[in-house]
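These notes concern the structure reproduced below.
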Amino acid sequence: MSEAEEDPYRRAPPAAAARGALQLGDEPLRFSTNRSERNSGPVGRGGWLIAVAVMLAWSLLYGIVNLAGLALMLASPELDANKHAALQFFVLVSGAMFVFNLAVLALYGMKSPWFPRAYVAWLGVDLVAMAVAYGLLAQATGGGFLGVAIAAAIARALFWNGPWIAYAIMSDRVKNTFVARRG
């Protein structure tokens, strides 16, 4: 072997492509200079939107287990009228939130422009409806559980629903992914 073959820096450059190198008169490369295309930001169901999808799916599974447990509790002969009514309201709220969750997950899957609004509404309604349901259940059980239920609802709002609502409203990825399709 010669010294030129052994040293990769002393080799002759590879042959040009069949078309040849650029020549005078060739069309220059054209890059988009459209400002909206350059600055569009992240698009697609990546980033934190993956966590949103996992949360929606997990909430569906939790809803199924929760409704099954509540249905078993409703069959208990030990419930008085107040507890039974409060538990029925809790089952109604849980069932409605399950259907709402399913609709929001479908909007997510379709990349519907309605998804961000429906997601924010789902989180807001979930917070209010569950707080009311827990409050009624606490009153029906004698009020000993009321302080814990209200504290749990506030903690849930501050540390769970609140940041996700802010994300859905402010995220560039959400805005760019769930946009209305043009004809």
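The values are calculated or read from the model by the stated rules, or taken from the named source; none is laboratory data. Not measured: the values here are computed from a predicted model. Note that we place each Cβ from the backbone using ideal geometry, even for glycine, and neighbour counts take in every protein chain shown.
Restricting to segment 83-113, give me the number of residues that are touching a residue at least 24 places away in the same chain (Cβ under 8 Å) and in a loop (DSSP other than H, G, I, E, B).
Selection size over segment 83-113: 3.
Say whether the condition of being surrounded by 13 or more Cβ atoms within 10 Å (Cβ to Cβ), part of a helix (DSSP H, G or I) and of a type in the set (Ser, Thr, Tyr) is met by at least one residue in segment 138-159.
The initial filter retains those residues of segment 138-159 that are surrounded by 13 or more Cβ atoms within 10 Å (Cβ to Cβ), namely 138-141, 145-146, 149-150, 152-153, 156-157.
From what's left, part of a helix (DSSP H, G or I): 138-140, 146, 149-150, 152-153, 156-157.
If we keep only those that are of a type in the set (Ser, Thr, Tyr) too, we end up with none.
No, there is no match, as no residue in segment 138-159 is surrounded by 13 or more Cβ atoms within 10 Å (Cβ to Cβ), part of a helix (DSSP H, G or I) and of a type in the set (Ser, Thr, Tyr).
Among the residues that make up segment 71-82, is at least one of them touching a residue at least 24 places away in the same chain (Cβ under 8 Å) and closer than 29 Å to LEU158 by Cα?
Among the residues of segment 71-82, not one is touching a residue at least 24 places away in the same chain (Cβ under 8 Å) and closer than 29 Å to LEU158 by Cα, which makes the answer no.
Quick one: ARG182 ticks every box in (1) at pLDDT 85 or above; (2) closer than 23 Å to GLY44 by Cβ bar one, so which box is it?
All conditions pass for ARG182, except number (1).
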